[in-house]
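In what follows, a single structure is set out as structure tokens and then discussed.
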Amino acid sequence: MSKKGFTLIEVLVVTAILAILAGLLFPVFALARNSAYSTACASNLRQLSAATSIYTLDYDDRMVLVSYQPVGVQNSRTDRTWVQLLLPYVRDFRTFVCPSDNGHRTDRDSTFDQDLVPGDSYSAYYTMSQHVDYGYNFQYLSPIYLRAGKADIQPKSTTSARTPSSTVLFVDSVHDRDSAGNPIDGGNWLVVPPCRYYREDVRRPVIDTFNVDRGSSIYTPSTGWELKEQNSSAVYGGAWPWHRGRMNVAMLDGSVRFMNPVQISAGCDLRPEWQGWIKDLNVYLWNLE
């Protein structure tokens with residue numbers, strides 16, 4: 001009896017067809033995966049926004065503190081970040097992690113926090129809380145003013161926001177980047193706005209939108225966006241487009257937008273060290289008033 005089999009040409013044809021199908025489908029699968037990650041990330045931000053709203057109800061309509069230390073107890077064991085302050089309202093630390101961030105990050109199991117307090121499970125997240133993927137617009141919402149060598153945190157009232165639907169609360173962020181520009185070490189709990197000073201016209205004085213009193217200064221991780229430092233985490237002030245060049249941005253009213261760096265810096269003349277003016281306060285998304 002004769003044996004039937006495939007010829008070499010048939011095998012090559014089938015292989016070529018499979019290679020073509022793979023080449024067509026893999027990008028589709030990757031796009032679907034990225035879309036799912038972006039959706040999950042947006043869901044995280046909605047949960048954090050809801051947690052922030054509950055927090056403000058518990059604390060006289062004041063925004064979550066960027067960090068907290070009890071009065072008269074100033075040491076690292078009692079220091080708490082805004083992430084730790086919101087953690088009891090969300091109950092799951094994974095809510096602070098964007099699924100698109102697949103880089104190395106600090107793990108709780110491999111980290112010993114010096115501020116670890118026996119019986120306080122939330123204190124174990126101090127180091128991790130500084131590497132979350134969502135940065136807080138703290139310089140407008142919960143600024144840290146430095147006066148005579150002392151830090152004074154003044155959380156703003158939610159009712160002081162002129163347009164909550166157009167005021168940034170949280171945004172996708174990055175903690176650091178390697179020499180090739182790839183994100184590493186997770187995200188950053190703080191982000192910096194692209195502009196600071198506003199001047200309606202040359203006949204009027206310059207307005208510092210951070211509202212810093214004379215003789216005081218304000219804490220900042222960096223002075224504006226470092227657009228020329230392409231391998232720096234400060235290229236967008238700590239914000240980072242994890243989703244194919246775009247980032248999820250949570251607004252003060254709880255809504256979440258999908259934006260690119262140009263859109264999130266609208267109304268601002270971007271220049272190093274906050275040298276560019278805010279051109280349009282109605283478009284600028286970072287300040288309250």
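The values are calculated or read from the model by the stated rules, or taken from the named source; none is laboratory data. Since the model is a prediction, treat every value here as computed from it, not as a measurement. Cβ placement follows ideal geometry from the backbone for every residue including glycine, while neighbour counts extend to all protein chains displayed. Just so you know, the surface numbers come from the protein's heavy atoms only, side chains and all, with ligands and any DNA or RNA stripped out. Shrake-Rupley method; radii C 1.70, N 1.55, O 1.52, S 1.80 Å.
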Discussion item. With the requirement that a residue be among the hydroxyl-bearing types (Ser, Thr, Tyr) and closer than 27 Å to VAL132 by Cα, what does region 176-208 give you?
Written reply: SER179
Response to the item:
Residue count, region 35-56, condition open to solvent by 60 Å² or more (accessible area, probe 1.4 Å) and either outside any helix (DSSP H, G or I) or at pLDDT below 95 (or both), comes to 3
Worksheet entry | From THR209, THR158, THR220, THR163, residue being in contact with an Asp or Glu (Cβ under 7 Å, 6 or more places away or on another chain) and over 29 Å from ARG33 (Cα atoms) | THR158
Worksheet, complete the sentence: Only unsatisfied item for SER179, checking (1) touching a residue at least 60 places away in the same chain (Cβ under 8 Å); (2) hydroxyl-bearing (Ser, Thr, Tyr); (3) outside any helix (DSSP H, G or I), is (1)
Worksheet item: For TYR140, are the conditions met, namely being over 17 Å from SER53 (Cα atoms), aromatic (Phe, Trp, Tyr) and either under 18 Å from the mean Cα position of the chain (by Cα) or not in a loop (DSSP other than H, G, I, E, B) (or both)?
Response: no
Worksheet entry | Residues (open to solvent by 70 Å² or more (accessible area, probe 1.4 Å) and under 28 Å from SER157 (Cβ atoms)) located in region 222-257 | ASP253, ARG257
Discussion item. Filter region 112-156 down to the residues that are at pLDDT 95 or above and of a type in the set (Ser, Thr, Tyr) and list them by number.
Written reply: TYR134, TYR136, TYR140, SER142
Worksheet item: If you take the residues of region 185-210 that are modelled with pLDDT under 90 and surrounded by fewer than 16 Cβ atoms within 10 Å (Cβ to Cβ), which of them is farthest from PHE93 (Cα to Cα)?
Response: ARG203
Discussion item. Return the pair list, or none, for Cβ contacts closer than 8 Å from residues in region 244-267 that are under 16 Å from ASN282 (Cα atoms) to residues that are open to solvent by less than 30 Å² (accessible area, probe 1.4 Å) and aromatic (Phe, Trp, Tyr), at least 6 apart or on different chains.
Written reply: SER265/TRP225; ALA266/TYR284; GLY267/TYR284
Practice prompt. Looking for whichever is of a type in the set (A, V, I, L, M, F, W, C), closer than 29 Å to SER53 by Cα and in a loop (DSSP other than H, G, I, E, B) here; the options are VAL262, VAL235, VAL283. Which one fits?
Written response: VAL283
Worksheet item: In region 152-176, how many are within 19 Å of ASN248 (Cα to Cα), in a strand (DSSP E or B) and open to solvent by less than 50 Å² (accessible area, probe 1.4 Å)?
Response: 6
Fill in: In region 211-221, residue least open to solvent (accessible area, probe 1.4 Å) [restricted to those that are under 20 Å from LYS156 (Cα atoms), of a type outside the set (S, T, N, Q) and part of a loop (DSSP other than H, G, I, E, B)]
VAL212
Item to complete: Look at GLU200 and say whether it is part of a loop (DSSP other than H, G, I, E, B) and within 30 Å of ASP61 (Cβ to Cβ).
Response: yes
